Every structure is written in C-alpha cells, then in structure tokens.
Amino acid sequence: MSDDASAIAENRRRYEELKRAGQGHAPRALPGPSPRGGVPLDAAAILHRETIPGGWYWTTALKAGEALRLSLDHGPSSVALVAWSAADPSERLNYADTVKVQWTAALRKGRVLFSDMGRVMFSLIEDSCGSHDALVGGSNAASNAARYAGGPHRNTRDNLVLAALKTGLDRRDIPACISFFAPVVVGPEGRLGWNASGRALGDFVDLRAEMDLIVALSNCPHPLDPTPDYAPNPVAVTRFRAPAPAADDLCRTATIEAVRGFENNAAAGF
C-alpha cells in the first residue's frame, strides 16, 4: 500500500472511531416528523407575522428563547438562512461545523445549528419534513442565468448582501447559508440530486434561538431545484416566544457535542 493510501486508510479508521464515540451518546432514533400543517401556537406567544414574497428577503432580530416558524403555507419554496450573534456579529452561523459536529448533514427535529465559535445558535424544536440542505448553499446570479430564461431574477447571494448591508454588516460578513425545504439527496456515487416529494404544502420548521441573534432569510429557488420556471411561492414566518426547554430537552442532550455546545453558550453568558 502506498504512503498516501495508508494515510487515507488511517484517517478513515480514526474518523470512524470518533464517529462511533460521538454517536454512542446519541439516542438510537430522533423523533418522527412534526405533523404537517403545524403544531398550534399559543396566540399570546406570537410576537410578529411576516410573509416573504417569492424572490425577496427579510431580516429580524431574535432574542434568546424566541423562535421562528418558517412555513410553506402557499406551496413549495426554499428558504436560505444566515445568522450572526447580536452581541458580536463576527460570530456567525457555520454549516460546516453544524454537519461535522453532529456527524450528519440530515437536519431535522432534535438537531442544532452551530456558530463558528462552537456555540449553539438555533435548536430545531419542530420539523415536519427534514428536507433541508447544509451542503450546496444558495443561488447566485450565474446559477440563475444558467437555469432560467427571461432574467435577471433575484437570487440568494444578492439578497443576503442586501440583508447584511441593512443590518450594518458587509458582504464579507456573510457566512454560507443553510437552505430549509430544499430536499437535496446524495446518491450512492456521491452525486447530488433533488427529491421533489421531500417537501409539500403545509411543511414547517420551528427554530428556537439559543442566543440573541441577527437573522437574514432569502426566499429564492434552490440551485438544484429542477423546476423550469422562476416562480417561488411566498413563505410565512412567525416570530414567537418558545416554551422553556425541559431539563431533558432533546436538542440539548442528543449528542455529547450538543451538550458541549450549550456549555459553551453558558460560559459566554447565553
């Protein structure tokens, strides 16, 4: 065996060893999906409702303990999300760490989203579909021009630049996004594909903030969405006070890495 092959084999062995150790602290199975159409919200807990038109973006501040419900009340769409710590916007969402730390790119109820400082920004407390993309990222002017006729059309990258400027940040402050309701699948040979049946009218996700945040959302078609026409549907957003997490809250206890992330939050006063 060549030196390169030996190094690859040793790295693979070590990766599998660490993965087994991490998954040994996780529940054998996360809960099933939340019921499509939504878990009812207490009217007294609702702070704001917004509808993001197809192709547009929205920004909001979010306090720790508040949550965002993203819901497909008008038909399929994909929603790209980036976030920054309100206390120090140099701390931002990191989807690579979110995937690596939890040993999976499958985001669903019970998972968390990490910052680049090893702290937890969001917990996924409800989720009806589990079809979210933490691998590809959002659209840009070039990907839209290659897919759609009659442009130019609004795209995720430009929307996030505008969102960043609106919040006093710059394009260099924009992290890679996570796309909700983007049913990207990975084939047996590693090729990325699209499972259109992975999302439907009434799908929703609830994201509980675990620190004070600045959040930007963009409602543009995902770059892998094969739909030939540029026609994203509006997306409903509800900001609400989330129920206080229980001591055995799954998002806080599912993995030893999540436990450590919340310990990092506590050490920073979040």
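Scan Ser34, Ser2 and give me the residue that is of a type in the set (Ser, Thr, Tyr), open to solvent by 60 Å² or more (accessible area, probe 1.4 Å) and either at pLDDT 80 or above or over 25 Å from Arg108 (Cβ atoms) (or both).
None of the other options fit; the residue is Ser2.
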| Taking the stated definitions as given, is Ser179 touching a residue at least 12 places away in the same chain (Cβ under 8 Å), of a type in the set (S, T, N, Q) and closer than 21 Å to Asp97 by Cα? | yes
| task | State all residues of segment 246-255 that are open to solvent by less than 70 Å² (accessible area, probe 1.4 Å) and within 20 Å of the chain's Cα centre (by Cα); if no residue qualifies, say none. | result | Asp249, Leu250, Cys251, Thr253, Ala254, Thr255
| field | Residues of segment 178-197 classified as open to solvent by less than 20 Å² (accessible area, probe 1.4 Å), part of a strand (DSSP E or B) and out of contact with any Asp or Glu (no Cβ under 6 Å at 6 or more places or on another chain), total | value | 2
| Quick one: how many residues across segment 191-209 are in contact with a strand residue (DSSP E or B) (Cβ under 7 Å, 6 or more places away or on another chain) and more than 19 Å from Leu41 (Cβ to Cβ)? | 4
| If Phe204 passes every condition in (1) within 16 Å of Ala80 (Cβ to Cβ); (2) in contact with a Ser or Thr (Cβ under 7 Å, 6 or more places away or on another chain) but one, which one does it miss? | (1)
| field | Positions within segment 106-122 being surrounded by fewer than 20 Cβ atoms within 10 Å (Cβ to Cβ) and in contact with a His (Cβ under 9 Å, 6 or more places away or on another chain), in sequence order | value | Ala106, Arg108
| query | For segment 86-115, what are the residues that are over 15 Å from Cys177 (Cα atoms) and either assigned to a strand (DSSP E or B) or of a type in the set (Asp, Glu) (or both)? | reply | Asp88
| task | Pull up segment 123-142, narrow it to residues that are more than 23 Å from Arg208 (Cα to Cα) and within 21 Å of the chain's Cα centre (by Cα), then point me to the one that is surrounded by the fewest Cβ atoms within 10 Å (Cβ to Cβ). | result | Asn140
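Residue by residue, here is whether (1) touching a residue at least 40 places away in the same chain (Cβ under 8 Å); (2) closer than 17 Å to Pro89 by Cβ; (3) not in a helix (DSSP H, G or I); (4) not hydrophobic (A, V, I, L, M, F, W, C) holds:
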| position | (1), (2), (3), (4) |
| --- | --- |
| Met117 | yes, yes, yes, no |
| Leu135 | yes, no, yes, no |
| Ser143 | yes, no, no, yes |
| Ala146 | no, no, no, no |
| Arg154 | yes, no, yes, yes |
| Asn159 | yes, no, no, yes |
| Leu162 | yes, yes, no, no |
| Unique match (being farther than 19 Å from Thr60 by Cβ and among the β-branched types (Val, Ile, Thr)) among Thr104, Thr167 | Thr104
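Yes/no matrix, rows are residues, columns are (1) part of a loop (DSSP other than H, G, I, E, B); (2) surrounded by 16 or more Cβ atoms within 10 Å (Cβ to Cβ):
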{"position": "Asp206", "(1), (2)": "no, yes"}
{"position": "Val215", "(1), (2)": "no, yes"}
{"position": "Ala244", "(1), (2)": "yes, no"}
{"position": "Ala266", "(1), (2)": "no, no"}
| said: If I ask for residues that are surrounded by 15 or more Cβ atoms within 10 Å (Cβ to Cβ), outside any loop (DSSP other than H, G, I, E, B) and among the hydrophobic types (A, V, I, L, M, F, W, C), which ones from segment 48-74 would you list? | reply: Ile52, Trp58, Leu62, Ala67, Leu68, Leu70
| note | So, first residue closer than 18 Å to Ile125 by Cβ in segment 39-62, second residue among the β-branched types (Val, Ile, Thr) and modelled with pLDDT of 95 or more, Cβ within less than 7 Å, six or more apart or across chains; the pairs are Leu41/Thr238; Ile46/Thr238; Thr60/Val215; Leu62/Val215
| Selection count where residues are within 13 Å of Ala146 (Cα to Cα) and either under 19 Å from the mean Cα position of the chain (by Cα) or not in a loop (DSSP other than H, G, I, E, B) (or both), scope segment 223-236 | 3
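The values are calculated or read from the model by the stated rules, or taken from the named source; none is laboratory data. Note that the structure is a prediction, hence the values are computed from the model and not measured. When we count neighbours, we look across all protein chains shown, and the Cβ atoms used for this are built from the backbone with ideal geometry, even at glycine. Please note that ligands, DNA and RNA were not included when accessible areas were found on the heavy atoms of the full protein model with its side chains. Shrake-Rupley method; radii C 1.70, N 1.55, O 1.52, S 1.80 Å.
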